[in-house]
Structure formats: C-alpha cells, structure tokens
1. Given labels modelled 7 Å from the Cα in the Cβ direction, how far is it in nm from Lys25 to Gln281?
2. Roughly what % of DSSP beta bridges within the chain run antiparallel, to the nearest 5?
3. At a threshold of 8 angstrom on Cα-Cα distance, excluding pairs fewer than six apart, so keeping six or more, what relative contact order does the range 168-317 reach in percent?
4. Work out the FRET efficiency for His60 and Ser182 from their Cβ-Cβ distance, taking R0 = 45 Å, and round it to the nearest 0.05.
5. In the range 131-166, whose amide N lies under 18 Å from the spot 7 Å out along Cα-to-Cβ of Glu196? List them in ranges.
6. Which ³J(HN,Hα) values, rounded to whole Hz and listed in residue order, are derived for the range 312-317 from phi using the Karplus coefficients 6.51, -1.76 and 1.60 in 6.51 cos²θ - 1.76 cosθ + 1.60 with θ = phi - 60°, glycine and proline given as x?
7. Tell me, what is the percent relative contact order of the chain, built from C-alpha pairs under 8 Å that lie six or more residues apart?
8. As I understand it, the dipole of the range 168-317 uses +1 on the Cβ of Lys and Arg and -1 on the Cβ of Asp and Glu, about the Cα centre. Which of Thr271, Leu229, Val301 lies farthest toward its positive end?
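Just so you know, all these numbers are worked out from the coordinates, no wet-lab data involved. On a predicted model such as this, the values are computed, not experimentally measured, just so you know. Methodologically, a virtual Cβ is constructed for each residue, glycine included, from the backbone with ideal geometry; neighbour enumeration extends over all protein chains shown.
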Amino acid sequence: MEQSRGKLGIMTCGSGKAFADRVVKHVESIYGKRLAESGFKYLLSEEVRFANGELKTVLHEPVRGYDLYILQLMDDPLSPHSVNDNLMALATAVNAAYNSDPNSVTAVIPQFPNSRQERRKGRESLTAAMVAQFLEECGAGRVLTIDIHAEAIVGFFRKARLDNLHASRQIIHYLQENNLISPETVVVAPDVGSAETARFYSRELKRDMAMIVKERDYSKTSTVISTRLVGNVKERDILIIDDMIATGGTLIAACRTLKEFGARRIDVAATFPFFNGPAAQNIDAAWHEGIINTVAGTNAVWHGEEFVKKHPWYREVDVTRLFAEVIYRINHMKSISELLD
C-alpha cells in the first residue's frame, strides 16, 4: 500500500489562482484513474478585504487531516495587489489553515519575496530572514520555491523546511526543442552576480562561457564607469542566462555591449520575467532594433496569454508540472532529490 502524509489538498490565494489551476490539472493527470479514490481535493477559500486595506482568508471547507499546499504568487502582473499585500494574504491563509488542524501546511511560493534583501549593507533590515520567520510563525511547516536568489535564505528557517526547485531542466528542454543552441553558442552572464548560473548552463550545454564585468562608482546611484567583456563572442550566437529580469536595464545594456563586440543572434532565458515598470516596452524597442531575438521566462511569473500575443519576442516556459510532481512526491513520501538537482 502506498504511503502518504494524509489526504492531499491544494488551496490557492487570490494572486496564485491561475498558477494553481494548472498545477491542479497536472496533479490530477499524475493520479490518472486513481484520482476518484485518492482523496485529493482542490479546496475553496476566500480573501476578504476591508475598506481600510486589511484582509483575512476564510476557509470554506474543512482541512482536518489534510497534507495541505497553499499556492501564492507574490509578484503577479495580472493582480492589482502589491507584493506586500500578497504576502499578507498568504500569511492569513497559512494561519487560517494551521488553526483548522491539518496534518501539515506547506506554503508554495514560486517567488520568494524580498530575496534580494538577504544581507545587511548598512543600517537596514534583513528582510528575507523576516519573511522566513513570519511564515514559520503563521504555521507553515514547509516552504516550496524555485531558483531562490540567495542560498543563504535556506539558513534563515529555524522550524520550517525550505525546498528550492530549479527551472534549469525546463529551460534547457525549451532551448533544445526550439533549436536555440548551436555549435557556435556562447553562454553569457550579464553581470558578476549571474556568473554562477551561467557557469551551470555552460557546463550542462557544453558550450563556452563569457561574462560582462562592470566597474561602478558606488558613491553615485547606478553609475557605471567602464564595461569589460571576459570571453570571445565575435561572430557567435549568444545565450544570456539570469535568474530574473526586473527593469531590463542591465539586460538591454548587456545586449548592446555584446553587439559592439561582434555578437550575432542574442537569446535570453530567465526564471523570473518580472518586467517591472517599462521593461516590456524597452525590450519591444530592442527587439525591433534587432538587438534581442527572444526572451524566455517561466510562468513562475504569470503574464497570461495576452502578454505572449502582444510581445512576439516572449516565450513562456512551463514549470507548473514540476511543482505538481514535487507536491505529489512529498505527499506520497517519495524522493524529490532528482527533481531538485
């Protein structure tokens, strides 16, 4: 008889619904003919928002005895709510569930909020650590995320367990299926911070690597003194790899630099295509100029079909199947190590 941690239940916060819907479809397909007798349930809840901005989550179904997974997207381009709003919505959902006596509560957050605030540079908070402690105190026994910005965040958890998935397999499969890797491809890190990720892809794809190095004047805001290229990109196809695209400024500047050094086609891949502010419009312009060929991002940031149609350079890489498989394996007490590598 197959072991489990209790009946599997998935619940979603408001900004995570589209992502959760697809995860649930994959979970149902994994169960297949066994779905009816599995006890799996997609549970209903409601976010109640008050006039002063406060909110609470109300569960409309019992969760006693469930191995419960609560999904939320923190930075949701299709939602009017901020990252802070979505974090609070998740906290109230986790705590409402915890107080309703499930076997366990796991927060599933593809985007770990405030992950770039994992170290102090002066008189400031260690905000990533605060988020970890907040989720633990609300009742999360486990947190499931993907490609966390800083591995140090794992150490911020004292009671809950953090599982960090990786989108590399899905992204590499996309690149190979769409013939974006040629014998002349060079993997490029657009800055020093992305060097480790680029090095991983370089090894996996067995391609050369290059890196753009910027010398900054830290006495001034966003001031670059000089830019150097380490590696050869002349007459080569380029794959730029990064974990996230925020405003797109670094990315577009990197593409221009690579073109100046003789690069040919430039394709980009990132786990988190946030496209904050005018990023999408700026990439539109770069695409029309012929500076960027394609940008691939995972649906850990959910842009929806209209965005894909509107921006012909954008390619969506699906990671919902990965989350579904991990959730299923955790619930059935099976190894997930091969999915974490």
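1. It is 3.3 nm.
2. Around 20 percent of the beta bridges assigned by DSSP in the chain are antiparallel ones.
3. It comes to 19 percent, rounded to a whole number.
4. The pair His60/Ser182 has a calculated efficiency of 0.30.
5. Inside the label zone: 145-157, 162-166.
6. x, 7, 8, 10, 9, 10
7. Result for the chain is 15 percent.
8. So the residue furthest toward the plus end is Leu229.
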